[in-house]
1. With the structure loaded, tell me whether SER134 is in a loop (DSSP other than H, G, I, E, B) and among the polar types (S, T, N, Q) or whether it fails that test.
2. Out of ARG139, ARG149, I need the residue that is within 29 Å of PHE103 (Cα to Cα), touching a Phe, Trp or Tyr at 6+ places or on another chain (Cβ under 8 Å) and either open to solvent by less than 10 Å² (accessible area, probe 1.4 Å) or of a type outside the set (A, V, I, L, M) (or both). Which one?
3. Checking ARG266 against (1) under 19 Å from ALA24 (Cα atoms); (2) open to solvent by less than 50 Å² (accessible area, probe 1.4 Å); (3) in a loop (DSSP other than H, G, I, E, B), only one condition comes out false. Which one?
4. ILE402 passes all but one of (1) part of a strand (DSSP E or B); (2) open to solvent by 50 Å² or more (accessible area, probe 1.4 Å); (3) in contact (Cβ under 8 Å) with a residue 40 or more places away in the chain; (4) among the aliphatic types (A, V, I, L, M); which number fails?
5. Yes or no: GLU173 assigned to a loop (DSSP other than H, G, I, E, B) and open to solvent by 10 Å² or more (accessible area, probe 1.4 Å)?
6. Can you list residue pairs whose Cβ atoms sit under 8 Å apart, with the first residue in the stretch 218-239 being in contact (Cβ under 8 Å) with a residue 24 or more places away in the chain and within 23 Å of TYR28 (Cβ to Cβ) and the second being of a type in the set (Asp, Glu) and assigned to a helix (DSSP H, G or I)? Count only pairs 6 or more apart in sequence or on different chains.
7. Criterion first (closer than 28 Å to CYS45 by Cβ, charged (D, E, K, R), in contact (Cβ under 8 Å) with a residue 24 or more places away in the chain and buried (at least 18 other Cβ atoms within 10 Å of the Cβ)) does ARG320 satisfy it?
8. In this structure, does ILE344 turn out to be under 26 Å from GLU227 (Cβ atoms) and out of contact with any Cys (no Cβ under 9 Å at 6 or more places or on another chain)?
Amino acid sequence: MFGFCRMTDYYERCNIMARKFPFAIWNYNIFGDFKPEEVDVWAECGLTVTLTERITYGKDDLKDLIPFLDRAEEKGIMLIANVNGLTNGDVLSLTDEEYEKRFAEVYALYKGHPALYGFYVGDEPSSKSDYDASARCIRIQKKIAPELRPYINFQGSSCFHDPACFDGRSFVEWLYELNAETGFADFSFSQYEQVAGRPGVSTPLDAGDMGIEYYYKALKPLIETAEAANVNVWGSLLLSAHYHFRIPTEYDLMWQITTSAACGCRGMIGFRFYDRKFGPNYHGSPIDEYGYKTEQFYKLLRCQRRFNDHFGELLMTLKRQGTYFLGKQRGDYPMFGEGTHPVITKIKANEEALVSFFKAEDGTEYLCLVNGSQVNDGVYKIFWDKENYNLVEVLCNGTHEIPYGFENTDAHWDGQWLYPGQMSMYRIDKK
């Protein structure tokens with residue numbers, strides 16, 4: 001009807017976007033706040049798939065979202081349609097037949113648009129009725145539009161919710177069954193304590209270093225749940241200061257991206273991108289309440305675009321094998337030590353680090369190393385079975401290679417420097 005591409009073109013578009021590490025934002029603006037040109041701002045900042053403004057079924061003209069989708073297609077990003085009237089809260093007052101009819105009506109307006117990623121389902125279900133409603137939305141959306149990807153945000157504590165929320169099952173069992181039944185593929189989770197207070201300082205008002213513990217405590221079960229259920233999990237990226245959360249530094253932003261990705265997250269969603277005129281405790285967002293780009297915008301731009309330029313596309317082709325810590329044990333993750341890996345025998349470090357191993361479809365293995373400190377530079381030196389293997393640092397998603405050249409001995413402290421939160425990737429090649 002509106003000149004959208006054929007479905008084969010849609011699937012090709014999805015395949016292209018699947019090569020990008022997803023970066024998204026929570027968009028709390030009401031439809032009408034922006035013109036379609038605002039999509040240019042999202043693309044400039046490095047977003048790849050993100051929520052639209054909230055548009056309301058029965059009130060707004062839903063076809064007014066189409067120019068935003070058209071603009072997104074031009075800019076090479078995809079959008080999640082945030083339609084008030086199609087969420088898990090809305091389905092509570094509708095029968096399955098009524099919700100299916102409503103969703104089919106809205107879907108018909110955008111069907112086949114190459115920039116449509118999926119529809120927003122809801123935020124932070126916490127009770128049985130919430131989870132039941134979320135599952136109903138997802139089942140019906142996948143029935144009517146199997147090519148789309150319904151999107152929902154869970155709580156970081158979802159894995160620890162009462163089994164009564166899931167009819168006596170665990171969260172992983174509930175998620176696994178939902179994926180097996182519908183093909184549901186993406187969710188994110190809320191977890192912000194990693195940027196509480198001043199970095200490295202604990203006060204009665206903030207979680208301090210304990211906030212990092214909360215972060216890793218949530219990451220491990222959620223990522224393992226997603227991997228077991230064949231679902232992609234997106235991590236949380238805190239962008240705005242509020243309550244006891246600080247304005248993130250550029251190091252904080254990169255640290256959140258790299259640590260989440262190294263632990264197995266397959267995307268990131270930022271909270272929040274826009275400050276609002278009537279929300280004075282929320283401040284320091286990439287766009288201030290007057291509509292101006294702040295210094296945070298350019299910090300986020302550098303972090304998101306730099307990550308996708310060097311690691312994002314490569315990581316999306318790899319499968320995580322295991323994650324470990326150096327220097328300081330975090331959450332429930334194991335420590336890296338002698339015998340952990342058959343090729344990488346030791347990593348010498350003057351600062352805590354996160355170590356993950358990934359594997360490509362052809363069996364090629366990669367070592368991912370992240371400086372785990374939010375405030376300190378780190379020096380790291382890798383020791384490996386040099387007789388049988390070569391170690392190659394990879395940048396630009398593997399198109400740029402640097403043979404690892406440090407002496408394989410403790411005699412010299414000549415390892416690689418990483419700034420707080422910086423990631424490095426190495427390919428392990430058998431000779």
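1. So SER134 does not fit the description; no.
2. None of the other options fit; the residue is ARG149.
3. (2)
4. Of the numbered conditions (1) part of a strand (DSSP E or B); (2) open to solvent by 50 Å² or more (accessible area, probe 1.4 Å); (3) in contact (Cβ under 8 Å) with a residue 40 or more places away in the chain; (4) among the aliphatic types (A, V, I, L, M), the odd one out for ILE402 is (3).
5. no
6. LEU238/ASP252
7. yes
8. Yes: the conditions hold for ILE344.
The values are calculated or read from the model by the stated rules, or taken from the named source; none is laboratory data. Note that the structure is predicted; figures quoted are calculated from it, not measured. Cβ: placed from backbone, ideal geometry, glycine included. Neighbour counts: every protein chain shown. Ligands, DNA and RNA are stripped out before the accessible areas are found, and what is left, the full protein with its side chains, is counted by its heavy atoms. Shrake-Rupley method; radii C 1.70, N 1.55, O 1.52, S 1.80 Å.
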